[in-house]
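See structure below.
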Amino acid sequence: MVQLRSLSQLNFRNLETPQLSFKPGITALVGCNASGKSNLLEAAYLGCTGELPGGRIVDLLRLGESEGFVGIRLEHEEGLSSIEIGLSAGKKTLRLDGQSVRAADIARVSAAVLITPQDTIMIQGPPSGRRAYLDSVLSKLSFRYNLMLREYHRVVEQRNALLKTVFDTHTLTAWTERFLELGTEITSMRQRAVQRISELSNQTYRHLAGDGKSLNVTLQTQSHGLRSAWEASRDEEKARGTTVVGPHRDDLRLELDAKSVQLYGSRGEARTSALALRVAEYQLLLEKHDEAPVLLLDDFSAELDSTRRTYLLELASNTPQAVVSGTEATPQHDTLLHIAGGEIYAE
């Protein structure tokens, strides 16, 4: 199983405790609002995945500091590993067992899912948040997808630079062919993943909501294929000097009984839909690795009724390792930690 053994940090937001050990089972993290609960879970997520849990690097550092660090020790099926994340001046460096790596390399040995009340923004916010969710899930599941996505963004950047200048048509054609090749394959992989995400998230939504509605998740992309969409957009992209179609413009559409959750869903429906997407992420990682990821539940009771709280706590109890934060302890836990002013201490 994947198990977080320890976490160390320096200058990560308001956290003061330099090192903390973790045990299997449920760790309850209790503290008042603004005590640092979310910061600790985001540090653990960063250490386990190599991904920024949100915002710019500078927003992760303690006020007035220019450098920071998060490190974890992790047990997995092949043994023990150390993951180190250096943060400085808008730059993130990753090391796995002393070797420089990318987040996709970390995903081969480690997995974690972070569920927070702010996930509702993913549903009601701009398409970029939903794309980020999809890309994060797929990059954890497929090393190849991660590499293709990185190259795709580099190719789009090169195309855009050419479109903004007096360009060599031959050079633009070469970049365009690569853009179409990568974009088509990325879209195909996204469509397959979204089909499975839709199945899993609908199961969770129906279980939680009890309103008889079905949640359907689809990929909003070029309906007639990328090449056709690009050919139809050539005049527009030359006028605007930017690539106007492609996976970087995709979106996830969430519907409850054929009505858009983004446009017409209540806050409760949006919250449940966001939770359903996170549970789908958890289940996909479980299927991929044949072992559960580390589960990080932030403020487990916030804006949730008793049915949803009970569901989350059951999920945590069935996970080999979960860290659950709140203003009060979970009814069942194996370890109890308190946090105040960024200082963490055991009861």
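The values are calculated or read from the model by the stated rules, or taken from the named source; none is laboratory data. Remember, predicted model here, so these are calculated numbers, not experimental data. All Cβ positions, glycine included, derive from the backbone under ideal geometry; neighbour counts span all protein chains shown.
Values for this structure:
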quantity: Some residue of the stretch 88-99 being hydrophobic (A, V, I, L, M, F, W, C) and surrounded by 23 or more Cβ atoms within 10 Å (Cβ to Cβ); calculated: no
quantity: Test: residue in the stretch 162-175 that is under 19 Å from Ser228 (Cα atoms), of a type in the set (Val, Ile, Thr) and modelled with pLDDT of 95 or more; calculated: no
quantity: In the stretch 208-230, residue nearest to the chain's Cα centre (by Cα) [restricted to those that are modelled with pLDDT under 95 and outside any loop (DSSP other than H, G, I, E, B)]; calculated: Leu208
quantity: Selection status of Leu182, of a type outside the set (Gly, Ala, Ser) and at pLDDT 95 or above; calculated: yes
quantity: Qualifying strands (runs of 3 or more DSSP E) (wholly inside the stretch 1-95; at least 1 residues being touching a residue at least 12 places away in the same chain (Cβ under 8 Å) and within 19 Å of the chain's Cα centre (by Cα)); calculated: 3-10, 67-76, 79-88
quantity: All helices (runs of 4 or more DSSP H) inside the stretch 257-347 with 2 or more residues being under 17 Å from the mean Cα position of the chain (by Cα), at pLDDT 95 or above and crowded, with 16+ Cβ neighbours inside 10 Å; calculated: 267-289
quantity: Leading residue by the ranking (surrounded by the most Cβ atoms within 10 Å (Cβ to Cβ)) among those in the stretch 100-110 that are small (Gly, Ala, Ser) and either part of a strand (DSSP E or B) or touching a strand residue (DSSP E or B) at 6+ places or on another chain (Cβ under 7 Å) (or both); calculated: Ser110
quantity: Those residues of the stretch 90-119 which are of a type in the set (Val, Ile, Thr) and closer than 18 Å to Ala292 by Cα, in sequence order; calculated: Ile106, Val109, Val113, Ile115
